[in-house]
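The values are calculated or read from the model by the stated rules, or taken from the named source; none is laboratory data. From a predicted model like this one, the values you see are computed outputs, not experimental measurements. Backbone-built Cβ (ideal geometry, glycine too); neighbour counts: all protein chains shown.
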Amino acid sequence: MKIAVVGTGYVGLVTGTCLSEAGNEVTCIDIDAQKIAQMQDGIAPIYEPGLEPLFKRNIQEGRLRFTTDLRDGAPGAAVIFLALPTPQAKDGSADLSYIFDLVKQLGPLLAHYTVIVNKSTVPVGTAEKVQELVAKNTSEEFDVVSNPEFLREGRAIDDFRRPDRVVIGTSSDRAFNVMRRLYKPFVMQGHPIMRVDVRSAEMTKYAANAWLAKDISFMNQLAWLAEKIGADVDLVRRGISSDHRIPNVYVGPGWGGSCFPKDTLALLHIANAHDFEFSILEKAVTSNEAQKRRLAEKVSQYYGGDIQDKIFALWGLAFKPDTDDIRDTPALEVIDMLTSAGASIVAYDPEAMGNARNHYKGKQTRLSFAKDEYAALRGADALIIVTDWPEFKTPDLDRVKKLLKAPVIFDGRNLYDLDEMAEQQFYYESIGRRIVKL
């Protein structure tokens, strides 16, 4: 099948690559000429485990190609995926201008019956607007389908190739049959292709992200309470997650990334527009903002509020391991709060330092970067852990102690055993557990 994918971010590039790996002829389209040239040279613009070998193989075998010209990819395609950004507008709503500007160009390019697929996360009713905009400029038959993505950064390739479910929102039998044939290679192990109405499909992605964000916020709030009453939130987590009805959610410095922050706010905007008070979700969002400040507040409190000229090593910049994405990462909050109070940060992350450099380019900041995790420690007053990369989980603690000015660790991911940290004679402050004191 000939496929066009418009947009080559995390979702678009993973979608295009995985569909080409299944034998389809895929053209990925993007307005960023530099990015397209990079991909034409076989260089993936994002870090995602498992992406690069599939990406290179399908380019070499001629099934995956890239262009900046919509006219070079859309005509002749049986399915056109829209994987465009829907950033947060000032009022919290999803900005759909990228999608609407694009679909206004699609109508004249349709050469036969085509399925246009909203892969982007969009508010309820978007597919109907896309249908209207395309119909104004074509006499060809087409259908607009909502096919929300449920890809986790760091596991996106596996999530696409072995999905828990594929949700297809359409009232058209013809469109559904096309989509079912397209996804058949990915559901051979029995995972369902779920046909729903378009509006329900559009809401499903927002609902999934809001639910997950709420769970994380609940566990982080529970950690605050555990600290106050002398309980250990990790033991509480194990106790409750043994109940099959309750997911195993870990505490941390707050959720971030490309989806949870904008999607929760977009769903709140939808609720407000319909005069509905979504109080649970509102609290999840506000408590997460407080959680992102909490790690820096712990550091400041330890030093009595005076961190002027202190140097801190920071492990982890990405919002989660196995990605280079720093969008809304808690690390930025930690960096900004501590450096604005006069401290300096020496950061290390296996994949996200390039994006962090670009984020702070041209800004006055007390941030520098180290070649590895141990180089970041040299001469630092304390270590702050933000992202739970595997290489941070079992460090050489003797080496850590020798490199730091003082054996002090603030751990936003609860990576280390409390008794071991006491035995190693560290001051160790984590989230929702007792403080190990020197």
**Message:** Here is a check on your reading of the model: is V178 closer than 22 Å to E153 by Cβ, at pLDDT 95 or above and of a type in the set (A, V, I, L, M)?
**Reply:** no
**Request:** Mind listing just one residue for me: the one in the range 17-42 that is among the charged types (D, E, K, R) and in contact (Cβ under 8 Å) with a residue 24 or more places away in the chain and, of those, nearest to L82 (Cα to Cα)?
**Result:** D30
**Message:** I'd like to check something: does the range 115-127 contain any residue that is crowded, with 23+ Cβ neighbours inside 10 Å, under 14 Å from T27 (Cβ atoms) and touching an Asp or Glu at 6+ places or on another chain (Cβ under 8 Å)?
**Reply:** no
**Selection status of G252, at pLDDT 95 or above, assigned by TED's automatic domain parsing to the domain that holds R293 and either assigned to a helix (DSSP H, G or I) or under 16 Å from N288 (Cβ atoms) (or both)** = yes
**Item:** Pair list, Cβ under 9 Å, 6 or more apart: the range 278-297 residue touching a residue at least 40 places away in the same chain (Cβ under 8 Å) and under 20 Å from A266 (Cα atoms), other residue part of a helix (DSSP H, G or I) and aromatic (F, W, Y)
**Value:** A284/F218; S287/F218; S287/W224; N288/F260
**Message:** Pairs please, first residue from the range 59-71 and touching a residue at least 40 places away in the same chain (Cβ under 8 Å), second anywhere and of a type in the set (A, V, I, L, M), Cβ atoms under 6 Å, 6+ apart in sequence or on different chains.
**Reply:** L64/V26; F66/I36; F66/M39; T67/I29; L70/I29
**Item:** Flag if V346 is buried (at least 18 other Cβ atoms within 10 Å of the Cβ), at pLDDT 95 or above and in a helix (DSSP H, G or I)
**Value:** no
**Complete:** Just one listed residue, out of F392, F410, F426, is crowded, with 19+ Cβ neighbours inside 10 Å, among the aromatic types (F, W, Y), over 21 Å from P330 (Cβ atoms) and modelled with pLDDT of 95 or more, and it is F426
**Request:** Mind listing just one residue for me: the one in the range 138-172 that is over 17 Å from V5 (Cβ atoms) and small (G, A, S) and, of those, surrounded by the fewest Cβ atoms within 10 Å (Cβ to Cβ)?
**Result:** S139
**Request:** Please find, within the range 173-211, the residue that is surrounded by the fewest Cβ atoms within 10 Å (Cβ to Cβ) out of those that are outside any loop (DSSP other than H, G, I, E, B) and polar (S, T, N, Q).
**Result:** N177
**Request:** Looking for whichever is touching a Leu at 6+ places or on another chain (Cβ under 6 Å), surrounded by 15 or more Cβ atoms within 10 Å (Cβ to Cβ), in contact (Cβ under 8 Å) with a residue 60 or more places away in the chain and assigned by TED's automatic domain parsing to the domain that holds S172 here; the options are A74, A83. Which one fits?
**Result:** A74
**Complete:** Flagged in the range 301-325 as within 17 Å of L367 (Cα to Cα) and surrounded by fewer than 24 Cβ atoms within 10 Å (Cβ to Cβ), in numbering order, are I307, Q308, D309, K310, I311
**Prompt:** Hey, S368 hits all of (1) in a loop (DSSP other than H, G, I, E, B); (2) in contact with a strand residue (DSSP E or B) (Cβ under 8 Å, 6 or more places away or on another chain); (3) of a type in the set (S, T, N, Q) but one; which does it fall short on?
**Reply:** (1)
**Fill in**
With the first residue restricted to the range 180-196 and required to be farther than 19 Å from V117 by Cα, and the second required to be part of a helix (DSSP H, G or I), Cβ contacts under 6 Å at 6 or more apart or on different chains are none
**Message:** Any residue in the range 86-112 that is surrounded by 15 or more Cβ atoms within 10 Å (Cβ to Cβ) and modelled with pLDDT under 95 sitting within a Cβ distance under 8 Å of a residue that is in a helix (DSSP H, G or I) and of a type in the set (F, W, Y)? List the pairs, counting only those 6 or more apart or interchain.
**Reply:** T86/Y98
